Structure formats: structure tokens, C-alpha cells
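The values are calculated or read from the model by the stated rules, or taken from the named source; none is laboratory data. Since the model is a prediction, treat every value here as computed from it, not as a measurement. With ideal geometry, Cβ positions are generated from the backbone for all residues, glycine too; neighbour counts draw on all protein chains shown. To get the accessible areas, we keep the full protein, side chains included, count just its heavy atoms, and leave off ligands, DNA and RNA. Shrake-Rupley method; radii C 1.70, N 1.55, O 1.52, S 1.80 Å.
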Amino acid sequence: MINNYYGGFFTYKKDLVGYSGQDAFGNNSGSIWIYLFLVLAVTAIVLLSVFLRKTSHKKIDIYLKVLAIAIPILEVIKISVETYFDLKTGSGFNWTGLVPLYTCSLFLYTLPLAAFGKGKVKQNCLAFLTTISIFAGLTNFVMPPILGTYPFFNFHSFVSLNFHFWMVFTGVFLIATKYYVPSWKDIFRGMVPLAQLSVIAIVFNYALKADYMLYYSGWGAPLLPDLANFFASKSFFGLMSLRFVYTIIVFLIYVLICAIIVSVVRFICFIKGLVQKKLASKKTLTKKNAK
């Protein structure tokens, strides 16, 4: 059923009829759409990256610049529409959920800098786009938070799912075309943009009890909510909560994720190099035998 049975494509969250996250958590037959999206999105990313792997770097520069303009515009429209109806209904601006301080929000900031920037700034952003950005986008394929509020066939879901599709595709595409292949140093370079946004997100979280970048309560992530509650229930000699320990652990998890992704990429490059050497040796041997 392609019609949104909870309301129209542009229906505001408070005007949805009977929707309470069914498309996200599999409580309704409508949830099949997110699984279909997951399969099609991953398949498209793999196939496009393979077929377009020989794209020239000049064309990739153009791709990055176009995307760096289009993605922020769509996100601004989505936030503006949501805010308009929030204010209209008297809810006020959603400071704890609508400010672009999520891990995935870094795509908004690093993409333009990677497209138009130079030097270390550009390199750090490319390092992020080809490491943590890929992981963050993929987690939103499997557990898209937007579907907890809006059904699959809704403008907000459409923008969010497309946003994360381009996150993952851009990172994989940059690696496949050798525009930017992460090195071991990129474990640290990729963390630079994340660390910078983390400072702002943590201030917001502790001031407003929000959960940007999962640093406060880990909502929606496996195991993190329990870990957050555990440390929040403990105190330092009764003077202060140990929730900050949980925040540090989450940051270290980001470092670990970045290291794992770089390790996987370097391993693939190593295997590819061995295969190419063997093929080159066989080709040389064949030519000698032919003589």
C-alpha cells in the first residue's frame, strides 16, 4: 500500500492518525518498506560504487560541490517546516531534538568543507566522510529514528532517509574511486570534526538533558541506555553524577569505530595489492613463455 495510511505526504506529526512508530519497529505491515529500503539502498550503493569507480577526480569535485549545496538546503527546509508547525501548535522550538548536533549532522558541515575547503581542513573532513560518516549512515538504515515520529511515506522521512543514503554512498564512492582512501593517520583526522562537534553537543546535552550524539542517554542504541543509567545512578562521593564517565566511553567508542573502519579499508587494500602483484607476475611470466 503506497498511500500513507496515517495521513498525507506532508502531514505534520501531531496530525497523523494512529501512528506510533509502526514503520520503524515492525509492529505493522507497513514496516516492510524500511526493510525494502535497506536492501535497495545497500544494493544501489555497492553497484553504483563499482560501476562508477573510474570516475575522474574532476567530476567527483563537481559531485561534492553540488551535493554540498543540495543537502543543506533540503535539511534547512525540513527543519523549517517542522519548526513552523511546532511553533504554530504552541510546542515551541524543539531544542532537544531539532538542532543539527547529531553525529550524522556532521555530514552537513564536513561535506561543504570537503568540497570547497583546502589543506588540513579538507583532509580532516574527507577522513570523516570515509570513516565514521559511513557507519553513522548505515546505522540509520537499520534503526532510522525519524520513523519513530513519522511514517515511511512522509516528507520528513523522505528527506532523512535520502540524507543518510548520500552519507553512506559518498564515503564508499570516495574510497572506490580512490579520491580519498583512509590511511592509519585518518583514525585521528576523522575524529577531529567529531571532537569539535562533540564539545557543543555535550554542552547542549548537560544543559537541556538532550541526547545529541548519544552522549547523554544513548536513546535508540543497543546497550547504551543501560550504560548511561548505570553511571547516572552513581556519584562521586555524593557530589556529582558519574554520567560524564558514560560520555567519555561513548567518545572512545567513536574512536574505536573509526579505527575499525580504517582497518577494514587498509586490509582490503592489502589484499587487493597482493592480487594485483600475482596477476602482474603471471602476465610477465606468460610474456616470457611466449618469447
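A few comments on the model shown:
- Any chance Ala210 is open to solvent by less than 40 Å² (accessible area, probe 1.4 Å), over 23 Å from Val264 (Cα atoms) and assigned to a loop (DSSP other than H, G, I, E, B): yes
- Residue in the range 241-254 that is in contact (Cβ under 8 Å) with a residue 60 or more places away in the chain and assigned to a helix (DSSP H, G or I) present: yes
- Options Leu129, Leu161, Leu111; residue that is in contact (Cβ under 8 Å) with a residue 24 or more places away in the chain and under 22 Å from Phe9 (Cβ atoms): Leu161
- Odd one out for Phe231, checked against (1) hydrophobic (A, V, I, L, M, F, W, C); (2) out of contact with any Phe, Trp or Tyr (no Cβ under 6 Å at 6 or more places or on another chain); (3) part of a helix (DSSP H, G or I); (4) surrounded by fewer than 21 Cβ atoms within 10 Å (Cβ to Cβ): (2)
- Residues (assigned to a helix (DSSP H, G or I), closer than 26 Å to Val81 by Cβ and aromatic (Phe, Trp, Tyr)) located in the range 104-151: Phe107, Tyr109, Phe141
- The numbered conditions (1) modelled with pLDDT of 95 or more; (2) of a type outside the set (S, T, N, Q); (3) over 14 Å from Thr103 (Cα atoms); (4) open to solvent by 70 Å² or more (accessible area, probe 1.4 Å) are all true for Pro222 except (1).
- Within the range 47-74, residues that are closer than 13 Å to Leu108 by Cβ and among the charged types (D, E, K, R) reach no partner that is at pLDDT below 95 and open to solvent by less than 90 Å² (accessible area, probe 1.4 Å) with beta carbons closer than 7 Å at six or more positions or on different chains.
- Residue check: Gly171 meets all listed conditions (1) assigned to a loop (DSSP other than H, G, I, E, B); (2) closer than 26 Å to Phe51 by Cα but one, namely (1).
- Residue within the range 61-74 that is of a type outside the set (A, V, I, L, M) and either under 14 Å from the mean Cα position of the chain (by Cα) or more than 25 Å from Pro193 (Cα to Cα) (or both) present: no
- Under the condition of being open to solvent by 10 Å² or more (accessible area, probe 1.4 Å), over 9 Å from the mean Cα position of the chain (by Cα) and among the aliphatic types (A, V, I, L, M), the residues counted in the range 127-148 number 3.
- Phe236 being open to solvent by 50 Å² or more (accessible area, probe 1.4 Å) and touching a residue at least 12 places away in the same chain (Cβ under 8 Å): no
- Search result, residues across the range 4-18 that are among the hydroxyl-bearing types (Ser, Thr, Tyr) and either part of a helix (DSSP H, G or I) or at pLDDT 80 or above (or both): Thr11, Tyr12
To keep it simple, each residue is scored yes or no on (1) open to solvent by less than 30 Å² (accessible area, probe 1.4 Å); (2) in a helix (DSSP H, G or I); (3) not β-branched (Val, Ile, Thr).
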| site | (1), (2), (3) |
| --- | --- |
| Leu47 | no, yes, yes |
| Val66 | no, yes, no |
| Glu75 | yes, yes, yes |
| Ser91 | no, no, yes |
| Tyr102 | no, no, yes |
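- In this entry, Lys122 is excluded by the filter for residues that are closer than 21 Å to Lys59 by Cα and at pLDDT below 95.
- Look at the range 1-21: where a residue is within 18 Å of Ser80 (Cβ to Cβ) and a partner is open to solvent by less than 60 Å² (accessible area, probe 1.4 Å) and at pLDDT below 85, sitting 6+ places away or on another chain with Cβ atoms under 7 Å, you get Asp15/Gly7.
- Verdict on Phe267 being over 16 Å from Ile132 (Cα atoms), open to solvent by 40 Å² or more (accessible area, probe 1.4 Å), touching a residue at least 40 places away in the same chain (Cβ under 8 Å) and not in a loop (DSSP other than H, G, I, E, B): no
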